[in-house]
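> My questions all concern the structure below.
The values are calculated or read from the model by the stated rules, or taken from the named source; none is laboratory data. These figures come from a predicted structure and were not determined experimentally. All Cβ positions, glycine included, derive from the backbone under ideal geometry; neighbour counts span all protein chains shown. Heads up: the accessible areas ignore ligands, DNA and RNA and are worked out on the full protein's heavy atoms, side chains in. Shrake-Rupley method; radii C 1.70, N 1.55, O 1.52, S 1.80 Å.
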Amino acid sequence: MVINLKQLYDIVGEKIALNYEVDIQNLNDLKGYSFSRPITINGAIVNRAGVVTLDYTAAFTLHACCDRCLIEFDRDYSFDFEHTVVRSMNGDNDEYVVTESDKLDMDELALTDCLLQLPSKMLCREDCLGLCPHCGTDLNENECDCNG
Ligand SMILES: [Zn+2]
Ligand SMILES: [Zn+2]
């Protein structure tokens, strides 16, 4: 969803509520992660005394494959994000989101925010024992005779 912020920038006190789902099919750069359902966005963009703040919660389910035992699993995530949104800015500052022509690509921003929170290694559980490197037995389920 691309949101036009022109009115929001111009009128103090203006607010746009965000309650929608990001259609994953339309996103191309998922960095190898696979989502089981759309990302649910709930929040608002508000102009408070001329400062535009975006506050939202992103909830989604990731379909992953355990790095150690290769089992596939779904995991739910929910993250809160806050950004200050500006029309333009001098220099670089990661805290701010700069819009082009007053348009905010919310899908893109939400995806970037979410991906930054995800671990690079996905484990089915923190203490997953993985597969035996010799015989391939799933050591979470069975013991094997390879003697580690
Ligand atoms: Zn595992
Ligand atoms: Zn073994």
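> Does the stretch 10-19 contain any residue that is in contact with a strand residue (DSSP E or B) (Cβ under 8 Å, 6 or more places away or on another chain), assigned to a strand (DSSP E or B) and surrounded by 15 or more Cβ atoms within 10 Å (Cβ to Cβ)?
yes
Every residue, every condition in (1) more than 17 Å from Ala110 (Cα to Cα); (2) touching a residue at least 60 places away in the same chain (Cβ under 8 Å); (3) surrounded by fewer than 17 Cβ atoms within 10 Å (Cβ to Cβ), yes or no:
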| site | (1), (2), (3) |
| --- | --- |
| Leu8 | yes, no, no |
| Asn26 | no, yes, yes |
| Ser34 | no, no, yes |
| Ile41 | no, yes, no |
| Ile45 | no, no, no |
| Gly50 | yes, no, yes |
| Leu54 | no, no, no |
| Phe60 | no, no, no |
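> Of the conditions (1) among the small types (Gly, Ala, Ser); (2) at pLDDT below 95; (3) in contact with a strand residue (DSSP E or B) (Cβ under 8 Å, 6 or more places away or on another chain), Ala59 satisfies every one except a single condition; which number is it?
Evaluating Ala59 over (1) among the small types (Gly, Ala, Ser); (2) at pLDDT below 95; (3) in contact with a strand residue (DSSP E or B) (Cβ under 8 Å, 6 or more places away or on another chain) leaves (2) as the failure.
> Among the residues in the stretch 90-112, are any open to solvent by 90 Å² or more (accessible area, probe 1.4 Å) and among the small types (Gly, Ala, Ser)?
yes
> Name the strands (runs of 3 or more DSSP E) wholly inside the stretch 36-132 in which the number of residues that are more than 16 Å from ligand 2 (Cβ to nearest atom) and in contact with a helix residue (DSSP H, G or I) (Cβ under 9 Å, 6 or more places away or on another chain) is 2 or more. Outline the logic, then answer.
Numbers: elements: 39-48, 51-65, 72-86, 96-98, 103-105.
Filter on the stretch 36-132 gives 39-48, 51-65, 72-86.
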